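I have placed the structure first, in the form of structure tokens, so that the comments after it can refer back to it.
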Amino acid sequence: MHYYLTLENIHMSSILCIETSTSACSVALSQDGANVFDVSHTKEAKHATILGGYIDQALSYAKEHDITIDAVAVSSGPGSYTGLRIGVSMAKGICYALQIPLISIPTLELLCVPLLLQVEDADQARFIPMLDARRMEIYTAVYDFALTPIEETNARVIEENNYLHYLDAGPVYFIGNGVEKCQEILKHPNAHFFSKSIPLAKWMHPLAERKLIDNKTEDVAYFEPFYLKEFVATVSKKKLL
């Protein structure tokens, strides 16, 4: 396992993880640094109808196996405005009820975790997660192999030379559903594309464990998701007829 995601010789916790930043909805429960429960729905967005049931299943599993949940981790965005609101609201409710800490996990950082666990040249690579932000925009950031931001989260329209200096320097991994918007533009031998990757709760626990150990938790009363862009309500065309 990548050293940044390894927490050897440290007492582990049990963390309930919730991910709702895209159309996928997932919940996982970790214990001692490994997932012991995981459920997900990766097709059309149904967060409002299925998230509560998934959480009930995770809590029931914890009760049946005598697991004390130490914290709740939730994907903090950017991503779907509605999905983030639902996920964060549910996470806050559990934290209030159980009197446990809330941990926020940046969605773009979470997207990098599976690749960090797989690629052999991670220490020489750059990781560029991309989420579809509709129209021609994406939400993106640039990380090194320790998940230190080289470029902070931003919304942008991809142009041919956006990442040329990274590509000329070494391997670059483009990850997420926003990749499809730029795959035809970014033609370079060092570019590697993973357009099918989605953020899932089962990848959260290494990041959440580290935050909990470092005491980087959120104020449950005041925490809000990172939407990046303001939500704009629209009126259905049918209602205008």
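All of the numbers you see were taken from the coordinates with simple rules; none came from a lab. This is a predicted model, so every value here is computed, not measured. Because the Cβ atoms are built from the backbone with ideal geometry, glycine has one as well, and the counts that use them run over all protein chains shown.
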Where does each of 183-192, 51-60, 75-84 land if you order them by average Cβ count within 10 Å, highest first?
75-84, 51-60, 183-192
Longer than 23 Å from Cα to Cα, which of LYS46/LYS196; LYS43/LYS63; LYS43/LYS202; LYS196/LYS216; LYS63/LYS92 are they? Say none if no pair is.
LYS43/LYS63; LYS196/LYS216
With segment 13-79 reduced to its Cα atoms and the Debye formula applied, log10 I(q)/I(0) at q = 0.24 1/Å amounts to -1.02
Computed, not fitted: 222 nm per-residue ellipticity of the chain from DSSP H runs ≥ 4 (each -39500 (n - 2.57)), nearest 500, equal to -8000 deg cm²/dmol
Going from the fewest other Cβ atoms within 10 Å to the most, one would list GLU64, GLU159 as GLU64, GLU159
Report for the chain the percent antiparallel among DSSP-assigned beta bridges with both residues inside it, nearest 5.
60 percent
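Give the calculated FRET efficiency between TYR222 and ASP168 to the nearest 0.05, with a Förster radius of 41 Å applied to their Cβ-Cβ distance. Before the final figure, lay out the partial values.
Values: r = 43 Å, r/R0 = 1.05.
So, using R0 = 41 Å, E works out to roughly 0.45.
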Hey, can you grab everything whose amide H is under 5 Å from the amide H of THR22? Only 5+ residues off in sequence or another chain; H modelled, so Pro and N-termini drop out.
SER80
Rounded if a/c under 1.5, otherwise prolate or oblate - the chain, Cα gyration tensor axes
oblate
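When every alpha-carbon pair in segment 108-194 is counted, what percent end up more than 24 Å apart?
Summing the P(r) tail past 24 Å for segment 108-194 gives 8 percent.
With the Cα gyration tensor of segment 92-158 giving a ≥ b ≥ c as the square roots of its eigenvalues, does the rule (a/c under 1.5 for rounded; else a/b larger than b/c for prolate; else oblate) give rounded, prolate or oblate?
Note, shape of segment 92-158 comes out oblate.
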Full-extension gain in nm, GLU44 to GLN57, via 0.36 nm per residue minus C-alpha separation:
2.6 nm
